[in-house]
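**Q** After the structure tokens below, expect a handful of questions from me.
The values are calculated or read from the model by the stated rules, or taken from the named source; none is laboratory data. Since this is a predicted model, take the numbers as computed values, not measurements. When we count neighbours, we look across all protein chains shown, and the Cβ atoms used for this are built from the backbone with ideal geometry, even at glycine. When the accessible area is computed, the model is the full protein with side chains, heavy atoms only, and any ligands, DNA or RNA have been set aside. Shrake-Rupley method; radii C 1.70, N 1.55, O 1.52, S 1.80 Å.
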Amino acid sequence: TVAGSDSGGGAGIQADLKACEALGVFGTTALVALTAQNTLGVHAVHPVPAAFVRAQIDAVLGDMGAHAVKTGMLPSEEAIATVAEALDEHAVAIRVIDPVIVAASGDVLAGPAAVAALKRLLLPTATVLTPNMPEAGALLGVAAPTSVEEMRAAAAALLDLGPQAVLLKGG
């Protein structure tokens with residue numbers, strides 16, 4: 001998993017590793033950002049330098065490899081470009097792209113340049129894209145879907161951005 005760290009333990013790398021453990025999978029990580037957050041919100045974000053993100057990915061994939069990679073919070077265009085390039089160079093075939101743009105608390109975690117980079121560099125290579133409703137709206141430049149009909153339309157529009165499949169999440 002290539003994502004941010006959630007000091008509150010409810011999301012990010014910590015949640016991804018819990019999911020891996022529950023499924024009996026050995027999870028590895030590359031941190032792209034450190035956050036100071038809790039159930040009330042995100043209080044600070046410290047991006048990890050792109051060269052160090054790349055070093056982490058190269059260290060893990062160059063030694064242990066991975067059958068699949070899941071991304072989470074990628075806070076900048078530079079981080080997204082670094083991750084996309086590394087996944088391409090390591091020929092990672094299965095890519096689960098979770099476009100963490102807005103935290104559950106409503107805090108914005110990725111700005112317009114990062115959203116554009118996600119759409120340009122990672123969505124076309126995604127095996128599965130897993131946005132929540134607000135993220136789907138942000139990726140499409142529209143309000144978050146609220147009805148089943150809007151959700152279906154959003155999922156279809158997201159498919160047009162290149163992923164093989166879309167799993168639109170409720171929250």
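**Q** With every protein chain left in place, what is the accessible area per residue of the chain in square angstrom, probe 1.4 Å? Intermediate results must be reported in sequence, preceding the final value.
**A** Numbers: 8450 Å² over 171 residues.
Ligands and nucleic acids excluded, the result is 49 Å² per residue.
**Q** How far is it, in nm, from the label point at A116 to the one at V148 when both lie 7 Å from their Cα along the line to the Cβ?
**A** 3.8
**Q** Taking the highest mean first, how do the peptides 134-140, 161-167 order by number of other beta carbon atoms within 10 angstrom per residue? Before the final figure, lay out the partial values.
**A** On the way: 134-140: 21.0, 161-167: 16.0.
The densest-packed peptide leads the list: 134-140, 161-167.
**Q** For Rg and Dmax of the Cα atoms in Å, several values are listed as (i) 20.4, 62; (ii) 25.1, 84; (iii) 15.1, 46; flag the one computed from this structure.
**A** (iii)
**Q** Tell me, what HN-Hα J-couplings in whole Hz come from the Karplus equation 6.51 cos²θ - 1.76 cosθ + 1.60 at θ = phi - 60° for each residue of segment 138-149, using x for Gly and Pro?
**A** With coefficients 6.51, -1.76 and 1.60, one gets 5, 5, 9, x, 9, 5, 4, x, 10, 10, 4, 4 Hz.
**Q** If you roll a 1.4 angstrom probe over the protein chains with everything in place, what fraction of the accessible area of the chain belongs to carbon and sulfur, to the nearest %?
**A** Numbers: 5160 of 8450 Å².
The C+S portion of the solvent-accessible surface of the chain is 61 percent.
**Q** Per DSSP helix of 4 or more residues, -39500 (n - 2.57); summed, then divided by the residues of the chain. What does that give at 222 nm, rounded to the nearest 500? All intermediate terms of the calculation are to be shown ahead of the outcome.
**A** On the way: 6 runs with 64 residues, N = 171.
Result for the chain, helices only: -11000 deg cm²/dmol.
**Q** At R0 = 30 Å, how high is the FRET efficiency between A93 and A15 if r is their beta carbon distance? Nearest 0.05 is fine. Provide the component values of the computation, followed by the final result.
**A** Details: r = 24 Å, r/R0 = 0.79.
So, using R0 = 30 Å, E works out to roughly 0.80.
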